[in-house]
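Peer 1: Just passing along the structure, written as structure tokens.
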Amino acid sequence: MTIQYLKTGKPATEREEDDAKTRAVVEATLKDIETRGDSAVRELSEKFDSYSPASFRLSQAEIDDLISQLSERELADIKFAQAQVRNFAQAQRDSMLDIEVETMPGVILGHKNIPVQSVGCYVPGGKFPMVASAHMSVATANVAGVPRIIACTPPFQGKPNAAVIAAMHLGGAHEIYVMGGIQAIGAMALGTETIDPVHLLVGPGNAFVAEAKRQLFGRVGIDLFAGPTETMVIADDTVDAELCATDLLGQAEHGYNSPAVLLTTSLKLAEETLTEIDRLLQILPTAGTARVSWEDYGEVILCDTYDEMLAVADDIASEHVQVMTDRDDWFLENMTCYGALFLGPRTNVSNGDKVIGTNHTLPTKKAGRYTGGLWVGKFLKTHSYQKITTDEAATLIGEYGSRLCMLEGFVGHAEQCNVRVRRYGGINVPYGEGAPYREVTE
């Protein structure tokens, strides 16, 4: 395997140092929120957002006023995007069936898909108002039937962003709070004097939000580790540098630590893309952010073969993978580790981010090796149940269960089975022994 790195980002050791600093800040902040509740949340909001309203929760009148500030076109666009997200989420929900089967005469097994009872949806918005994130979390939770959906978003330029609040409300949020960062995640998960804690946290965010979710996991459920945006472009000589550079920088503008990787078999395309990125950074209005991400986290990797590109891509397990080759479906068939795939030059990551209908809350930092992205199923818990309806089945299952419990030394477990064997089968099983073996005829 001959793989060349034409450009690399920060060394792994430096990234690990950044992560360690983030962990320490988050741990101390969460302890403060748990100890002091609303007071800590307010101080953090004043410190980081210069925002301290009478109430962080918006009233219905405030929500209505914010929505009225949007034009008919803006509202129609939000509703169109939410319709696409809802349609796909509903199709996913319809694929998840409750089941009940009789596995043998008198033995009935089943499962039910039950909505999580309360969800906290985080919608980023400090640097950019992430309207689309409200669709992905709030509207999808609504399709799943979650009975309590609360949503948090930071103030944008000192006040609630009308478009984000509209998307939250239209998506089905029952409570809307204007707060961001660690304080929002901590308040939703731990609860305060004015906010009841939730059972599940979902939504993307910066490194501090992702780390807060990681530290709270177990105390509450989380969707996945959705940290700073990652993007990868897999391309060959069927496309040009403009497409590749645009798709890389389009995601690098998210923040100062958003990895962007070009993976290609074409040296010509790699070199031209590097040149095109330099050109675009001279005219891109968000270049101040995108340039830092590209310089510190951008990579260009040259491979000899498609198999090599596949192996490298699966190892990196990027959040977004834009595939523009002469064999896009081959990557769809063979790739195993990623957040979401965007296939062909007509498709792009922004489609998924904003409007096409798939969910844009996706795994980062190699989490694509063990999980997919947020979807309607994340808001549902699949619970099994079982019942035995005949004396014959109670006896038969009890006999097997009794002997298997004794095999492991669990005498108390065995007696749970034995009492059924004695009661429903009329078979005498001495206390502390396994049921005798007997032939069972069909």
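Peer 1: Expressed as a whole number of Å, what is the distance separating the alpha-carbon centroids of the range 17-37 and the range 83-141?
Peer 2: Using only Cα atoms, the two centres lie 30 Å from each other.
Peer 1: First select every other residue whose beta carbon is under 12 angstrom from the beta carbon of F342; then total the charges, Lys and Arg +1, Asp and Glu -1.
Peer 2: -3
Peer 1: Also, quick follow-up: So which aspartates and glutamates pass the test for K21, namely a Cα distance under 15 Å, with those fewer than 8 places away in the same chain ruled out?
Peer 2: E211
Peer 1: Here's another thing I want to ask about it. Under a 10 Å cutoff between Cα atoms, tell me which one of A394, A134, A184 has the largest fluctuation in the Gaussian network model of the chain.
Peer 2: The residue with the greatest mean-square fluctuation here is A394.
Peer 1: If you don't mind, there's one more thing I want to ask. Among DSSP beta bridges whose residues both lie in the chain, state the antiparallel percentage, nearest 5.
Peer 2: Here the antiparallel bridges make up roughly 35 percent for the chain.
Peer 1: Now for a different question. With r defined as the distance between the Cβ atoms of T103 and F80 and R0 fixed at 60 Å, what FRET efficiency is calculated, to the nearest 0.05?
Peer 2: 0.85
Peer 1: Per 5 Å bin from zero, what fraction in whole % of the C-alpha pairs of the range 70-157 is there, up to the bin with the longest pair?
Peer 2: Once binned at 5 Å, the Cα pair distances of the range 70-157 give 3, 12, 16, 17, 17, 11, 7, 6, 4, 3, 2, 1, 0, 0.
Peer 1: Further question: Binned at 10 Å from 0, what are the whole-percent values of the Cα-Cα distance distribution for the range 154-218, short to long?
Peer 2: Distribution as computed: 19, 51, 29, 1 percent.
Peer 1: OK, next. Tell me the volume per residue, in Å³, of the convex hull enclosing the alpha carbons of the range 351-413.
Peer 2: Spelled out: Cα convex hull of the range 351-413, divided by residues, is 184 Å³.
Peer 1: Right, something else. Per the helix-only calculation at 222 nm, which mean residue ellipticity applies to the chain, given -39500 (n - 2.57) for every DSSP H run of n ≥ 4 and division by its residues, nearest 500 deg cm²/dmol?
Peer 2: Dividing the helical sum by the residues of the chain leaves -14000 deg cm²/dmol.
Peer 1: Further question: Mind telling me which of Q416, Q215, Q69 comes out most flexible in a GNM of the chain, alpha-carbon contacts under 10 Å?
Peer 2: Comparing Q416, Q215, Q69 in a Gaussian network model of the chain, the most mobile one is Q416.
Peer 1: Next question, about the same structure. Out of every Cα-Cα pair in the range 387-430, what percent are more than 11 Å apart?
Peer 2: 57 percent
Peer 1: Give the average over all directions of the projected area of the C-alpha convex hull of the range 1-97, one decimal, in nm². If you can, show how the numbers build up before the last one.
Peer 2: Details: hull surface 58.3 nm².
For the range 1-97, the mean projected area of the Cα convex hull comes to 14.6 nm².
Peer 1: Under a 5 Å amide H to amide H cut-off, with H placed in plane at 1.01 Å, what residues pair with L201 once short-range neighbours are removed?
Peer 2: G120, G221, I222, D223
Peer 1: Whole number please: convex hull volume per residue of the Cα set in the range 317-442, in Å³?
Peer 2: 213 Å³
Peer 1: Another one. First compute the accessible area of the range 113-233 with a 1.4 Å probe, then give the percent of it belonging to carbon and sulfur atoms.
Peer 2: That fraction is 55 percent.
Peer 1: Another one. For G221, what is the net charge nearby, where nearby means another residue's Cβ is under 12 Å from its Cβ and Lys, Arg count +1, Asp, Glu -1?
Peer 2: +3
Peer 1: Filter the DSSP H helices in the chain by two things, a Kyte-Doolittle mean of at least 0.0 and an axial alpha-carbon span of 24 angstrom or more, and list the hits by number.
Peer 2: Membrane-span-like by this criterion, though nothing is claimed about a membrane: 391-408.
Peer 1: Per the Debye formula with a single identical scatterer at each Cα and no solvent contribution, what log10 I(q)/I(0) holds for the range 150-272 at q = 0.14, 0.22, 0.23 Å⁻¹?
Peer 2: The calculated log intensity ratios at q = 0.14, 0.22, 0.23 Å⁻¹ are -0.73, -1.21, -1.28.
Peer 1: Can I ask one more? Where Lys and Arg each count +1 and Asp and Glu each count -1, what net charge lies around V376 among other residues with Cβ under 12 Å from its Cβ?
Peer 2: It works out to a net charge of +1.
Peer 1: Taking a ≥ b ≥ c as the square roots of the Cα gyration tensor eigenvalues, with a/c under 1.5 meaning rounded and otherwise prolate when a/b beats b/c, else oblate, which class fits the range 302-367?
Peer 2: Taking the square roots of the gyration eigenvalues as a ≥ b ≥ c, the range 302-367 is oblate.
Peer 1: Ok, one more. Which of rounded, prolate, oblate describes the range 116-210, given a ≥ b ≥ c as roots of the alpha-carbon gyration tensor eigenvalues and a/c under 1.5 marking rounded, otherwise prolate only if a/b is larger than b/c?
Peer 2: Here the range 116-210 falls in the oblate category.
Peer 1: Still on this structure, I have one more. If the limit is 23 Å between Cα atoms, which of K79/K354; K47/K159; K31/K378; K112/K378 go over it?
Peer 2: K31/K378
Peer 1: Tell me, how many Å apart are the Cα centres for the range 172-223 and for the range 265-337?
Peer 2: Between the Cα centre of the range 172-223 and that of the range 265-337, the gap is 33 Å.
Peer 1: Please report, to two decimal places, log10 I(q)/I(0) for the chain at q = 0.08, 0.13 Å⁻¹ as given by the Debye formula with identical point scatterers on the Cα atoms and no solvent.
Peer 2: Debye curve over Cα of the chain, log10 I(q)/I(0) at q = 0.08, 0.13 Å⁻¹: -0.57, -1.10.
Peer 1: With 18 Å as the cut-off, how large is the P(r) tail for the range 48-119, expressed as percent of Cα-Cα pairs?
Peer 2: Result for the distance tail: 71 percent.
The values are calculated or read from the model by the stated rules, or taken from the named source; none is laboratory data. Bear in mind that the values here come from a model prediction, so they are computed numbers and not experimental data. When we count neighbours, we look across all protein chains shown, and the Cβ atoms used for this are built from the backbone with ideal geometry, even at glycine. Note: accessible area is taken over every heavy atom of the protein model, side chains too, but ligands, DNA and RNA are not part of it. Shrake-Rupley method; radii C 1.70, N 1.55, O 1.52, S 1.80 Å.
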